[in-house]
Amino acid sequence: MNLFQIALKNMRQRGLASWLTMISVALGVSLMVAVLVLHSVLGKQFSQSGSGYSLIIGPEGSPTQLVLATVYRIENSTSNMPWRYYQKWATDRRVELAVPLSFGDSTEQGDFPVIGTTPQYFKLPYARTPEPQPYRVKGDFLKGSWDAVIGSEVARRNEWNADEDINKNGKLDVDEDLNGNGQLDAGSQFQLVHGGQKGEDAHVHKEKFTVKGILQATGTPNDRTVFVHIDGFFMLAGHENPLREAIHSEAQYFHEDEEMLLEKYKPELEAEAREAIAIKLNPNHAAHAVPDLSKEVSAILIVTKGDGLESANNSLSIYTDLGEENAAMAVSPVQVMDKIMRNLVGNIQLAFLCLTGLIVAVSGIGIFVSIYNSMNERRREIAIMRALGAQRRTVSLMILCETLLLCLGGGLLGLLLGHGLMFAAAPILEARSGLLIDPWTYSIWELVVLPIALVLATLSGLIPSITAYRTDVAETLAQ
Amino acid sequence: MSLVLKNVRKSYKLPDGTRLPILGISSFELQAGEQVALIGSSGGGKTTLLNSIAGITTIDAGSIVVDGIDISKLPEPSRDRFRAQRIGIVFQTFHLLPAFTALENVLLGMSFSGRVNRSRAKELLDRVGLGQRLNHRPPMLSVGEQQRVAVARSLANSPKLMLADEPTASVDQANQTKILDLIRESCRENKISLLLVTHAPEVASAFDRVETLSQFNQPGESA
């Protein structure tokens, strides 16, 4: 019989106490694992989301709010920028690709954030680590004005299907798309809630979008986002900016004289007046193509030209240019996310880690108390072993083996329990925070559990093992 | 010669700083394979003597030579190893470990000598009539059976010297003779010297050589 077998026997002898001790360690470790997994998931999401572009240009305001709204869709924009401003950046010599985003609405079903954009959005990789990750879609990306592409989570939760009447060539493919009833599969249709369901003037737009594509899971906020074609988004009643306001906005963004702009846009102003009369006469007046002047974007994603240093220089140049303006600003999503991560999320995680560290320490004290309390009854057994020829070092190591087994057993149990906890909590967290959690994601820091268990075992077993070492055989056997 | 004691002195320190002499033995010898009953009254130093011979307790002066080795000169780890390999002990209250089965208790005795032999452990238990109760833990065994496990354990490492401290004191009359016969026969078969301590004259009367501790232990006199 070796020391571990003897230690296991002793643990079995005190079954309930051993299990309770192990469970207390397991609970501490499981909490630690849960925090580490969350830390890993958050870190990944913060570092990966928004890493497909160099800059975000948005209206002057809080950079954090702009990033939260653009990348995480957990904030709304407070103001918008003229479409002409987007066009300016789209043709800028330093810009490789500019993607307009308009947001603020949500879906009627499930309250998922809606983004109006162009198909170019899906040309950006959704993550860059370890290499650029392109979007994959079941169906097609945005083509028509009333097309929509939805994230995997939206499809799952709302049980929406993609329209399958278009094959990869963009042509009707009846043979493939006949369903069991001989009917063409139709994509789910849905309506948007203006300003989001929690908005002050929330109301449902009567226009409907059709799901044309479902994105494969990306592990980013895109999974719970609905993308609609920006043309359709502009055509929604109430989405076009009244021309006089739009002219005022343009004057502000381009530092132009408002009177001159009023003169320049006289034909558009007259057309708007005619449209207003037509709607008054016929409330069912069909939706119309919105003039560029009335279009507004909430943010512009910018990919700068060049690789490495050249791209960085271009980003810096744009950043500097916009720094001198009052109307718009450019932010580096990575920098802002890093700031959020460090200042807010990082501190909360640190607090949680400290808390779980304390829990593990309390578990360690629990092991110590449990073993130490058992030393009185165990002293006799130790004396018997010593009388049979066991050396002081042997009985001392036997106690350490026992605490080691308790800690390692509790540690392993805690690892399983921690991931089990994440498995159970993932759908709840996802529903409440939009945080996509893979319960089997592991953090490299989980490996720290092993040395922690060893240190804990050594510390908690130290005094009992010294007590075992010092046991007076003759005196104890005589009692 | 299996056991030779010369000028052995042992005293305990009292709380007031003075020393209480317990052992004062000028000479005591035990031949190889010899069986001796040692009679002594309570508090007469019987257990201290056995603990000293086993190397559990150190003596103040003198020498204790077991199987040619003066264990009083050995450091503690060597004494422990020596005890595990060459001395078998049977206690009055058996001192079996309750978490371990009969077989595991015998194996445990072998573990500390580094000579674990499962088949020999089974053989020994079979020899003491417990071949069918290998996997029973002590609480599931009768008092007599427990003492038989203790005897099997003491024989586990093929000792040269067996020390038995009142081995029949905790068992009933019917089992006394059986236990005593078992110990004596086992020692005879394996040519083990036996020093059995008892306060019961009827137990001692079964031995050819009976010594009274008070006759050769004079703790108050200088050796």
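Residues in segment B:26-69 that are within 14 Å of chain A (Cβ to nearest Cβ), within 27 Å of B:Glu189 (Cα to Cα) and touching a residue at least 40 places away in the same chain (Cβ under 8 Å) were compared, and the one that is surrounded by the fewest Cβ atoms within 10 Å (Cβ to Cβ) is B:Lys46. Checking A:Arg94, A:Arg84 one by one, the residue that is surrounded by fewer than 23 Cβ atoms within 10 Å (Cβ to Cβ), charged (D, E, K, R) and either in contact with a Leu (Cβ under 8 Å, 6 or more places away or on another chain) or free of Cβ contacts under 8 Å to residues at least 60 places away in the same chain (or both) is A:Arg84 and no other.
Considering the conditions (1) touching a residue at least 60 places away in the same chain (Cβ under 8 Å); (2) in contact with a helix residue (DSSP H, G or I) (Cβ under 6 Å, 6 or more places away or on another chain), B:Asp208 is excluded by exactly one of them, (2). Output the qualifying pairs, or none if there are none: Cβ atoms under 6 angstrom, residues six or more apart or on different chains, first residue in segment A:379-394 and more than 7 Å from chain B (Cβ to nearest Cβ), second residue not in a helix (DSSP H, G or I). These pairs meet every condition: A:Arg379/A:Thr471; A:Ile382/A:Thr471; A:Ala383/A:Thr471. Being surrounded by fewer than 17 Cβ atoms within 10 Å (Cβ to Cβ) and polar (S, T, N, Q) is the filter; apply it to segment A:197-255 and report the residue that is farthest from A:Thr118 (Cα to Cα). Among those that are surrounded by fewer than 17 Cβ atoms within 10 Å (Cβ to Cβ) and polar (S, T, N, Q), it is A:Gln197. Taking B:Thr93 as the residue in question, decide whether it is within 24 Å of A:Ala7 (Cα to Cα), within 14 Å of another protein chain (Cβ to nearest Cβ), touching a residue at least 60 places away in the same chain (Cβ under 8 Å) and among the hydroxyl-bearing types (Ser, Thr, Tyr). So B:Thr93 fits the description; yes. Selection of segment B:78-90 for residues being within 18 Å of A:Ala478 (Cα to Cα) and facing another protein chain (nearest Cβ under 9 Å) yields only B:Ile89.
Please work out if B:Ser72 is among the small types (Gly, Ala, Ser), more than 10 Å from chain A (Cβ to nearest Cβ) and farther than 23 Å from B:Thr198 by Cα. Judged against the criteria, B:Ser72 is a match. If you check A:Ser317, A:Ser396 for being among the hydroxyl-bearing types (Ser, Thr, Tyr), modelled with pLDDT of 85 or more and more than 42 Å from the chain's Cα centre (by Cα), only one passes: A:Ser396. Looking at segment A:66-120, which of the residues that are part of a strand (DSSP E or B) and aliphatic (A, V, I, L, M) is farthest from A:Phe227 (Cα to Cα)? Ranking the qualifying residues of segment A:66-120, first place goes to A:Val95. With a requirement of 1 or more residues that are more than 14 Å from chain A (Cβ to nearest Cβ), the strands (runs of 3 or more DSSP E) lying completely within segment B:114-223 that satisfy it span B:193-198, B:209-212.
A single entry from B:Gly88, B:Gly114 fulfils the requirement of being in contact (Cβ under 8 Å) with a residue 60 or more places away in the chain and of a type outside the set (A, V, I, L, M, F, W, C): B:Gly88.
Annotation note: of A:Gly409, A:Gly389, the sole residue that is at pLDDT 85 or above and either among the aliphatic types (A, V, I, L, M) or not in a helix (DSSP H, G or I) (or both) is A:Gly389.
Looking across segment A:290-317, the residues that are part of a helix (DSSP H, G or I) and surrounded by 20 or more Cβ atoms within 10 Å (Cβ to Cβ) come down to A:Leu293, A:Asn314, A:Ser315. Scanning segment B:96-106 for residues that are crowded, with 22+ Cβ neighbours inside 10 Å, among the aliphatic types (A, V, I, L, M), within 11 Å of chain A (Cβ to nearest Cβ) and not in a loop (DSSP other than H, G, I, E, B) returns a single hit, B:Val106.
The values are calculated or read from the model by the stated rules, or taken from the named source; none is laboratory data. Here the structure is a predicted model, which means the values were calculated and not measured. Using ideal geometry, Cβ is built from the backbone for each residue, glycine included, and neighbour counts are taken over all protein chains shown.
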